[in-house]
Amino acid sequence: MQLGDLNLSQKKLRGSIPSQLGFIPTLETVDLSNNMLIGKIPEQFGWLPSIEKMNLSHNETSGTNPLKL
């Protein structure tokens, strides 16, 4: 089984975004919007070869976007 789409929008998640998500090479879309996530966007997200769309809106993330979409 391969994970292609991860939608955890509006799940009341707290804390930082796990850098381990950047090690799932089959991820195409990630939606972590509308949570209570803080901190920097993990640089490992820039290593995702299949990523096409990422939504981190309505959180308190900081830093630059490591993705080259």
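The values are calculated or read from the model by the stated rules, or taken from the named source; none is laboratory data. Bear in mind that the values here come from a model prediction, so they are computed numbers and not experimental data. Quick reminder, even Gly has a Cβ in these numbers, built from the backbone with ideal geometry, and neighbours come from all protein chains shown. The protein model used for the area step is the full one, side chains on, heavy atoms only, and it has no ligands, DNA or RNA in it. Shrake-Rupley method; radii C 1.70, N 1.55, O 1.52, S 1.80 Å.
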Self-check item: Built amide H within the under 5 Å cut-off of Leu13, gap 5+
Solution: Met36
Quiz item: Using a 1.4 Å probe on the protein chains only, how many percent of the accessible area of the chain belongs to carbon and sulfur?
Solution: 50 percent
Exercise. Considering the convex hull of the alpha carbon atoms of the chain, report its projected area averaged over all viewing directions, in nm², one decimal.
Key: 4.1 nm²
Quiz item: What accessible area per residue comes out for the chain, rounded to a whole number of Å², with a 1.4 Å probe?
Solution: 69 Å²
Quiz item: What's the local net charge at Val30, with K and R +1, D and E -1, over the other residues with C-beta under 10 Å away?
Solution: -3
Quiz item: What is the sum of charges around Ser9, taking Lys and Arg as +1, Asp and Glu as -1, for the other residues whose C-beta is under 15 Å from the C-beta of Ser9?
Solution: +2
Quiz prompt | Vicinal HN-Hα couplings computed from phi for the range 5-15 (Karplus, 6.51 cos²θ - 1.76 cosθ + 1.60; Hz; Gly/Pro x) | solution = 10, 10, 10, 10, 5, 6, 10, 6, 6, 10, x
